[in-house]
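The values are calculated or read from the model by the stated rules, or taken from the named source; none is laboratory data. The structure displayed is predicted, hence computed values, not measured ones. Cβ coordinates were reconstructed from backbone atoms using ideal geometry, including for glycine residues, and neighbour counts include every protein chain displayed.
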């Protein structure tokens, strides 16, 4: 990004030329400091192939209670089992928690993993977005997220649509809303955040096309200044990248996908809005509309959508929280999977619903459950996987994985596989030139292939 010294000139709406250039960068993270043409240049060097697969990664920030969702412990003592009963699903022999009747009615489209292990205990979504602990290879920039890897390998499927989008608005506990870091791949592969700095201008906010052309003229003027010093023969290519950046900035596809007023009201009602928002505190709201927005985004070509749903850190009033969050999650996730299926998209889109760890088997004096990284759970759908099954189990008290422990990296590896990326062979070079595997040589979940 070009740095402008002195007092920046402002347009009549108070936006400076410097701000305009930052808008062109779509606020890809405060540390990125890259204009969108720079990002497009970096992406052009990645040597990718075409791919239309996608993932919707729904992060349940705070740690969802596995034994109150997909793994009800009917034989455990009351102080461990809790208040919920299991209900039958449409798959014989599979039962899940009573707060999820809509998912139960279409369990043949889902996979419940009851034995997720390998959680590092950190109170954030980093592992769910990368497969790695946050402190892994930080000396070279850290591990890239699934969305960043997909951006690097495949790039945008449409010139006007970013390959990775993060819907979670900033939470008071910031790690619960992180978009998925680009890691050592660099800021060019950061996810686009619709609520990022300057992006309200993307929708024009009533500004005329002529007015927008004036802003384009400012960028052209700066380019002319730069061209006076350019004798490398790259001028033509730079113009092309600037044109592509302008296309993304004014893309009707992206704006329309983010505009739920264009959606069928009956379908919006089916997803619900998740209101009223309860038990949010320092976490994310139960925003069902983000789940619908995720479907609209993958439909126009976004490869990776991340969002944070609710605040599941239930140290107190665990069962009231699960009744609230669980029934809302049940509504929007069941609607999402049915919606994708009816549109013929389910085999191409992987849906992952999980959190950073599980919760204690024993209920505390505040009717809550505390942190329990020993085992957690996940719910998967789509992606061409063999669904209608449960993988793994915990012991009678839900303390640890008894049968078929499934490592966090196996889940992430499965998502990569569904995206068309072989996690066992693909490597990406870090800034030192050393090839880095996407996961630590763990196979994707074979039961799902």
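Being crowded, with 21+ Cβ neighbours inside 10 Å and either without any contact (Cβ under 8 Å) to a residue 60 or more places away in the chain or part of a loop (DSSP other than H, G, I, E, B) (or both) is the filter here; which residues of the stretch 364-377 pass it?
369, 375 - these are the residues of the stretch 364-377 that are crowded, with 21+ Cβ neighbours inside 10 Å and either without any contact (Cβ under 8 Å) to a residue 60 or more places away in the chain or part of a loop (DSSP other than H, G, I, E, B) (or both).
Name the pairs: first residue in the stretch 276-298 and more than 20 Å from residue 313 (Cα to Cα), second residue crowded, with 18+ Cβ neighbours inside 10 Å and at pLDDT below 95, Cβ to Cβ under 6 Å, at least 6 apart or on different chains?
Matching pairs, first to second residue: 296/257; 297/257.
Could you tell me which residue of the stretch 300-310 is surrounded by the most Cβ atoms within 10 Å (Cβ to Cβ), considering only residues that are over 19 Å from residue 63 (Cα atoms) and touching a helix residue (DSSP H, G or I) at 6+ places or on another chain (Cβ under 7 Å)?
Checked the stretch 300-310; the qualifying residue surrounded by the most Cβ atoms within 10 Å (Cβ to Cβ) is 304.
Hey, can you tell me all the residues within the stretch 264-275 that are farther than 28 Å from residue 314 by Cβ and without any contact (Cβ under 8 Å) to a residue 40 or more places away in the chain?
264, 265, 266, 268, 269
Between a residue in the stretch 342-361 that is on the phi < 0 side of the Ramachandran plot and without any contact (Cβ under 8 Å) to a residue 60 or more places away in the chain and any residue that is part of a loop (DSSP other than H, G, I, E, B) and surrounded by fewer than 24 Cβ atoms within 10 Å (Cβ to Cβ), which pairs come within a Cβ distance under 6 Å, given they are 6 or more apart or on different chains?
347/384; 360/370
Residues are listed down the side, and each one gets a yes or a no for (1) farther than 15 Å from residue 161 by Cβ; (2) modelled with pLDDT under 95:
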{"site": "195", "(1), (2)": "yes, yes"}
{"site": "199", "(1), (2)": "no, yes"}
{"site": "204", "(1), (2)": "yes, yes"}
{"site": "209", "(1), (2)": "yes, yes"}
{"site": "229", "(1), (2)": "yes, yes"}
{"site": "234", "(1), (2)": "yes, yes"}
{"site": "272", "(1), (2)": "yes, no"}
{"site": "293", "(1), (2)": "no, no"}
{"site": "301", "(1), (2)": "no, no"}
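Residues being touching a helix residue (DSSP H, G or I) at 6+ places or on another chain (Cβ under 7 Å) and under 19 Å from residue 187 (Cα atoms): count how many of those fall in the stretch 409-435.
Total meeting the criteria: 4.
Just give me the residues in the stretch 378-429 being touching a strand residue (DSSP E or B) at 6+ places or on another chain (Cβ under 8 Å) and assigned to a helix (DSSP H, G or I), in sequence order.
408, 411, 414, 415, 418, 419
Checking residue 441 against (1) in contact with a strand residue (DSSP E or B) (Cβ under 9 Å, 6 or more places away or on another chain); (2) at pLDDT below 95, only one condition comes out false. Which one?
All conditions pass for residue 441, except number (1).
Only residues that are surrounded by 15 or more Cβ atoms within 10 Å (Cβ to Cβ) and either free of Cβ contacts under 8 Å to residues at least 24 places away in the same chain or not assigned by TED's automatic domain parsing to the domain that holds residue 305 (or both): list them for the stretch 396-423, please.
423
Tell me, please, whether a residue that is modelled with pLDDT under 95, assigned to a helix (DSSP H, G or I) and crowded, with 17+ Cβ neighbours inside 10 Å can be found in the stretch 170-187.
For the stretch 170-187, residues modelled with pLDDT under 95, assigned to a helix (DSSP H, G or I) and crowded, with 17+ Cβ neighbours inside 10 Å: present.
Which one of the conditions (1) surrounded by fewer than 24 Cβ atoms within 10 Å (Cβ to Cβ); (2) free of Cβ contacts under 8 Å to residues at least 60 places away in the same chain does residue 327 fail to meet, given that it meets all the rest?
(2)
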